[in-house]
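Okay, structure first, notes after.
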Amino acid sequence: MVAKSKSEAKPETKSASKPKLTLSVQYADKRLQDQLTRPLIRKTVQAALFFPAEITLRFVDAEEGRVLNHDYRGKDYATNVLTFAYTEDEDAEVTQADIILCTDVLEKEAAEQKKTVLDHAQHLIVHGVLHAQGYDHEDDEEAEEMEALEIEILAGLGLENPYQ
């Protein structure tokens, strides 16, 4: 992971140029395809990106989300976002990851939290992209750092603090 470089890559120290991004978007579950367009997804991913990256973002239904969460995390339920980061070497020049968003969970959580589906989806995309770059929330300190970054990145996209 790139954890060693995180302090250099925070938004306030990030250079003005955007890191190179190769992005693939897959709509296995097509329900949000018209709302979550490729240009909006690219803008959201780019906002959270501190390093060049090759990312595939896939929207799935509850069944595929459950299977992936079960097979890779041992948890037998669909979750909102799964990030599969393939770049383990902190010196790697390109971050590589697959990010899976479960449409059913995303829609349910947005309704429960009284947020728009778009706002919640953008938050989960930012969250997944940060995971892909080595950020985590395994302990309180990591969680605070990651949440602060999410809030700052989302504010830059014109979105409210998702934790309020």
* May I ask you to derive the relative contact order of segment 16-156, considering only C-alpha pairs under 8 Å and at least 6 residues apart, and to give it as an integer percent? => 24
* Structure fact -> For segment 79-164 (alpha-carbon point model, no solvent) the Debye-based log₁₀ I(q)/I(0) at q = 0.24 Å⁻¹ works out to -1.27
* For a footprinting-style exposure proxy, rank Leu68, Leu157, Leu130 by other Cβ within 10 Å, fewest first. => Leu157, Leu68, Leu130
* Can you tell me what the convex hull of the Cα atoms of segment 16-156 projects to on average, as an area in nm²? => 8.7
* **Rounded to 10°, Cα long-axis angle of helix 117-132 versus longest principal axis of the chain** => 50
* Gyration tensor verdict on segment 20-81 (Cα atoms; rounded if a/c is under 1.5, prolate if a/b is larger than b/c, oblate otherwise) -> oblate
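At 222 nm, what helix-only mean residue ellipticity would the chain give, in deg cm²/dmol to the nearest 500, using -39500 (n - 2.57) for each DSSP H run of four or more?
Values: 5 runs with 65 residues, N = 164.
Helix-only estimate at 222 nm: -12500 deg cm²/dmol.
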* Asked: What FRET efficiency, computed as 1/(1 + (r/R0)^6) with R0 = 35 Å and r the Cβ-Cβ distance, is obtained for Ala92 and Arg31, rounded to the nearest 0.05?
  -> 0.55
* Asked: In what sequence, highest mean first, do 122-129, 142-149 appear when ranked by Cβ atoms within 10 angstrom?
  -> 122-129, 142-149
* Structure fact -> In whole Hz, the Karplus estimates of ³J(HN,Hα) for segment 63-80 (6.51, -1.76, 1.60; θ = phi - 60°; x where Gly or Pro) are 5, 5, x, 5, 4, 5, 5, 5, 5, 9, 10, x, 10, 8, 7, 6, 10, 5
* C-alpha long axis of helix 140-156 to longest principal axis of the chain, angle in ° -> 80
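Throughout, read-outs are computed from the coordinates displayed, never taken from laboratory work. Only a predicted model underlies this, so the values are computations on that prediction, with no experimental measurement involved. Counting neighbours? That spans all protein chains shown, and the Cβs are built from the backbone with ideal geometry, glycine included.
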